[in-house]
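The values are calculated or read from the model by the stated rules, or taken from the named source; none is laboratory data. Everything numeric here is computed off the predicted structure, so don't read it as measured data. Neighbour counts run over all protein chains shown; Cβ positions are idealised from the backbone, glycine included.
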Protein chains: 2
Amino acid sequence: MSQQPARAAVIRDVARLAGVSHQTVSRVLNNHPSVREETRERVLRAVTQLNFRPNAMARGLAGRRSRVIGVVSFDTLLYGPAATLLGLERAARRAGYGVSIVALEQLDRAGVAEAVDRLAEQSVAGVVIIAPLMTAAAAVHSLPTGVPAVVVESDAGGDLPTVSVDQVAGARLAVEHLLALGHRTVWHLSGPQGWLEARDRVDGWRQALEAAGRPVPPVLPGDWSPRSGYEAGLRLAGQTEVTAVFCANDQQALGMLRALHERAVRVPEDISVVGFDDIPEAAFLSPPLTTVRQDFDEVGRRCLAALLDLFGGNGAAAPVRHPRVPPSLVVRASSGPPPPGR
Amino acid sequence: MSQQPARAAVIRDVARLAGVSHQTVSRVLNNHPSVREETRERVLRAVTQLNFRPNAMARGLAGRRSRVIGVVSFDTLLYGPAATLLGLERAARRAGYGVSIVALEQLDRAGVAEAVDRLAEQSVAGVVIIAPLMTAAAAVHSLPTGVPAVVVESDAGGDLPTVSVDQVAGARLAVEHLLALGHRTVWHLSGPQGWLEARDRVDGWRQALEAAGRPVPPVLPGDWSPRSGYEAGLRLAGQTEVTAVFCANDQQALGMLRALHERAVRVPEDISVVGFDDIPEAAFLSPPLTTVRQDFDEVGRRCLAALLDLFGGNGAAAPVRHPRVPPSLVVRASSGPPPPGR
DNA sequence: CAGTCGAATGTGACCGATAACATCGAGGCC
DNA sequence: GGCCTCGATGTTATCGGTCACATTCGACTG
């Protein structure tokens with residue numbers, strides 16, 4: 001047995017051992033067609049024997065492309081962004097790509113631009129921007145570098161490919177479900193100003209009500225936090241005309257459930273509550289929460305597909321607006337028919 | 001005005017514009033001391049003018065080191081891992097490092113080894129392994145590559161530097177707080193088998209009770225989920241001798257609070273509940289949750305520091321066991337003195 | 001049977017940076 | 001003044017791959 005080599009094996013070591021040129025080894029590594037089967041096997045054997053790993057930097061330098069994509073994300077402690085990141089990583093891994101992340105401290109134009117810059121410096125092949133605030137969407141317009149980019153949850157008229165869940169449709173699903181149960185109208189606890197998802201969910205809610213010719217109650221302002229749901233819940237508990245509430249996310253719905261319970265308002269007998277996201281906890285709340293599920297894995301997959309598309313030549317050719325991912329309603333125990341009297 | 005260059009500027013373009021050799025540009029970029037002040041400024045001006053960004057791959061290839069660290073993580077949808085990742089990214093960014101992630105689908109020996117391999121292929125400078133299960137801790141022993149590595153939350157006797165929060169101390173804080181309030185003993189709803197944190201919190205809980213000479217009730221088994229907290233809560237609500245419960249994480253505590261509320265057990269008047277983690281929701285539960293806060297940012301910072309230490313030469317020299325990060329108790333409304341009768 | 005084609009393989013340049021060594025003056029010392 | 005040192009800069013090799021082109025050789029064509 002020879003001693004463990006001090007340095008990792010390189011392509012020329014493999015070539016020597018297999019008795020071929022380094023270029024032939026390169027061909028085998030890249031699945032080039034014109035290599036004899038026997039030669040390919042000999043090379044692969046040498047690769048295994050030396051435990052050879054191609055050096056990504058040399059590869060990227062020579063080929064002017066890397067196998068890493070960059071992700072710019074904001075507030076990865078929230079369920080949505082975290083789940084999207086996870087889905088993206090999974091898809092990228094399957095496609096043989098690595099994932100490099102930059103978390104934004106704050107979502108302004110300079111922040112996004114700087115984050116993309118930082119990733120460009122790492123020579124990523126492309127970037128995905130998960131930055132669902134309007135200010136960030138604006139920043140995306142003026143991306144400095146020539147890096148292929150895909151944006152999640154932003155339809156702010158950018159010229160970049162966009163992947164997003166159809167928030168409007170999701171909100172309509174929730175409202176239509178409640179109307180179908182017999183509720184006269186549905187109240188809405190919204191997400192914070194400035195978030196695209198929040199705006200779209202308000203739109204969908206309003207559209208569904210107007211389409212059914214129902215009165216549109218004033219929007220209750222929330223900020224994604226359970227506390228804002230709790231506070232809104234305390235207020236609603238006093239209003240006897242309220243029979244159904246659509247919360248812009250599950251955490252707010254969680255706070256609302258607690259508030260209603262505290263005030264002895266029964267869910268769903270007195271008031272129905274519907275959330276948005278289907279966080280892991282949703283099924284275990286009391287009562288289990290009816291909510292709108294977003295397929296974040298699918299979002300991740302589509303981001304990667306869009307990016308690979310971009311790599312495949314048509315740089316500025318077709319700024320395809322990809323179809324939005326359809327959300328789905330998950331009916332659990334927190335929604336039901338309105339109380340008989342109302 | 002000249003046209004925007006088709007390709008990004010490289011170091012020789014800068015050299016030409018500044019009227020120096022490319023090596024001098026390199027010296028300026030790397031803050032080499034022996035460059036005349038005037039020359040340095042001229043180069044920097046050219047860098048700005050051409051919007052030059054050094055190519056990370058060329059840099060890494062030539063210097064045999066990259067400015068990217070890899071992170072292997074598991075279940076980034078849980079608060080702890082997500083927060084640690086975020087803290088690490090922040091620290092890395094400040095130190096001029098990028099962060100590349102690989103999420104594990106399942107935590108076995110092969111998975112961890114493969115993830116590290118994948119990162120090694122990306123030529124990362126080092127890796128941080130956030131894999132707080134015992135099986136993963138075992139895998140860490142047999143890391144294939146010669147990559148500098150740091151492990152989070154694992155003390156399984158590996159020869160790798162380890163960063164972790166002192167879970168035992170955290171659990172003791174919680175229990176001692178409850179005992180100081182006058183409780184005779186404290187029950188414990190644990191995390192899932194196989195998790196190092198879960199084991200350590202059980203240990204700390206038991207130690208605190210034994211140190212005070214109190215009876216040690218049987219451990220209630222949980223799995224981090226709110227449901228397991230809910231179910232345990234329903235069971236405890238029937239047992240009048242229980243006055244205080246220490247839950248191994250906040251989600252379980254959340255489920256328990258709900259169960260107790262349903263059964264008309266008042267918190268903290270009848271039963272005190274303490275959690276672990278201090279998730280963002282903890283302060284907004286009803287009642288606001290007393291819990292043990294972990295400083296995940298600090299964990300991230302220390303991981304990076306340990307890694308930079310490793311880069312700084314002493315590869316296998318000193319497998320320093322870094323001091324554990326101290327947790328802190330956050331007292332809120334969910335804990336109080338036991339009911340008078342007991 | 002010479003000429004052509006294409007599959008299989010080899011040779012050398014090149015990607016864009018850093019490392020190692022060379023060079024060239026200016027100043028200090030004996 | 002010659003020699004040495006050291007600061008400032010330039011020249012060339014090098015990292016580990018891929019790309020473009022050259023070469024070889026057997027098969028097919030007219």
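Residues of the stretch A:55-69 that are among the charged types (D, E, K, R) and more than 7 Å from DNA strand D (Cβ to nearest atom): A:R64, A:R65, A:R67. Here A:A125 clears all of (1) farther than 28 Å from A:R293 by Cα; (2) at the interface with chain B (Cβ under 7 Å from one of its Cβ atoms) except the condition numbered (2).
Any residue at all in the stretch A:148-158 that is in contact with a strand residue (DSSP E or B) (Cβ under 8 Å, 6 or more places away or on another chain), under 19 Å from A:T291 (Cα atoms) and buried (at least 20 other Cβ atoms within 10 Å of the Cβ)? No, every residue in the stretch A:148-158 fails to be in contact with a strand residue (DSSP E or B) (Cβ under 8 Å, 6 or more places away or on another chain), under 19 Å from A:T291 (Cα atoms) and buried (at least 20 other Cβ atoms within 10 Å of the Cβ). Contact map, the stretch A:62-80: residues that are within 19 Å of B:E121 (Cα to Cα) paired with residues that are in a loop (DSSP other than H, G, I, E, B) and within 16 Å of DNA strand C (Cβ to nearest atom), Cβ distance under 6 Å, separation 6+ or inter-chain. Pairs shown: A:R65/A:A125; A:S66/A:S123; A:S66/A:A125; A:V68/A:V124; A:I69/A:V124; A:I69/A:A125; A:G70/A:V124. Got a sec? Which of A:A46, A:A15, A:A9 is in contact with a Lys or Arg (Cβ under 9 Å, 6 or more places away or on another chain), assigned to a helix (DSSP H, G or I) and more than 10 Å from chain B (Cβ to nearest Cβ)? Step by step, each of A:A46, A:A15, A:A9 is checked, and only A:A46 is in contact with a Lys or Arg (Cβ under 9 Å, 6 or more places away or on another chain), assigned to a helix (DSSP H, G or I) and more than 10 Å from chain B (Cβ to nearest Cβ). Considering the conditions (1) surrounded by fewer than 20 Cβ atoms within 10 Å (Cβ to Cβ); (2) within 15 Å of DNA strand C (Cβ to nearest atom), A:S66 is excluded by exactly one of them, (1).
Out of B:G275, B:G312, B:G213, one residue alone is touching a residue at least 24 places away in the same chain (Cβ under 8 Å) and of a type outside the set (A, V, I, L, M). It is B:G275. Taken as a whole, the condition of being assigned to a helix (DSSP H, G or I) and facing chain A (nearest Cβ under 10 Å) applies to B:A83. Considering only residues that are farther than 24 Å from A:L61 by Cβ, within 13 Å of chain A (Cβ to nearest Cβ) and among the polar types (S, T, N, Q), which ones fall in the stretch B:49-77? Passing the criteria: B:S73, B:T76.
Based on what the data block shows, is B:Q207 within 29 Å of the chain's Cα centre (by Cα) and either assigned to a loop (DSSP other than H, G, I, E, B) or within 14 Å of chain A (Cβ to nearest Cβ) (or both)? In short, no. Taking every residue in the stretch B:117-130 that is outside any loop (DSSP other than H, G, I, E, B) and pairing it with any residue that is of a type in the set (D, E, K, R), at least 6 positions away or on another chain, the pairs with Cβ-Cβ distances below 9 Å are B:D117/A:R53; B:R118/A:R93; B:A120/A:R53; B:E121/A:R53; B:E121/A:R67; B:I130/B:E153.
Within the stretch B:42-50, one or more residues are outside the structural domain of B:Q106 (by TED's automatic domain parsing) and more than 16 Å from DNA strand C (Cβ to nearest atom).
Considering B:A115, B:A120, the condition of being surrounded by 24 or more Cβ atoms within 10 Å (Cβ to Cβ) and among the small types (G, A, S) is satisfied by B:A115 alone. Of all residues in the stretch B:220-259, those satisfying the criterion of being surrounded by 19 or more Cβ atoms within 10 Å (Cβ to Cβ), more than 31 Å from the chain's Cα centre (by Cα) and among the hydrophobic types (A, V, I, L, M, F, W, C) are B:L236, B:A237, B:V242. Return yes or no: is B:A282 in a loop (DSSP other than H, G, I, E, B), within 14 Å of chain A (Cβ to nearest Cβ) and of a type outside the set (F, W, Y)? It is false that B:A282 is in a loop (DSSP other than H, G, I, E, B), within 14 Å of chain A (Cβ to nearest Cβ) and of a type outside the set (F, W, Y). In the stretch A:18-43, the residue that is farthest from the other protein chains (Cβ to nearest Cβ) out of those that are surrounded by fewer than 16 Cβ atoms within 10 Å (Cβ to Cβ) and within 11 Å of DNA strand D (Cβ to nearest atom) is A:S34. In summary, A:A56 fulfils each of the numbered conditions (1) crowded, with 20+ Cβ neighbours inside 10 Å; (2) within 24 Å of A:A282 (Cα to Cα) with the single exception of condition (2). Considering the stretch A:8-34, and only residues there that are near DNA strand C (Cβ under 7 Å from one of its atoms) and polar (S, T, N, Q), the residue that is nearest to B:L61 (Cα to Cα) turns out to be A:Q23. Any chance the stretch B:200-207 includes a residue that's surrounded by fewer than 19 Cβ atoms within 10 Å (Cβ to Cβ), modelled with pLDDT of 95 or more and out of contact with any strand residue (DSSP E or B) (no Cβ under 9 Å at 6 or more places or on another chain)? Within the stretch B:200-207 (the criterion being surrounded by fewer than 19 Cβ atoms within 10 Å (Cβ to Cβ), modelled with pLDDT of 95 or more and out of contact with any strand residue (DSSP E or B) (no Cβ under 9 Å at 6 or more places or on another chain)), the answer is yes, since at least one residue qualifies. Set side by side, the residues B:G111, B:G96 differ, and just one is within 15 Å of DNA strand C (Cβ to nearest atom), more than 9 Å from chain A (Cβ to nearest Cβ) and within 25 Å of the chain's Cα centre (by Cα), which is B:G96. Among the residues of the stretch A:257-271, just one is away from chain B (no Cβ under 12 Å), touching a helix residue (DSSP H, G or I) at 6+ places or on another chain (Cβ under 6 Å) and either in contact (Cβ under 8 Å) with a residue 40 or more places away in the chain or of a type in the set (D, E, K, R) (or both), namely A:V267.
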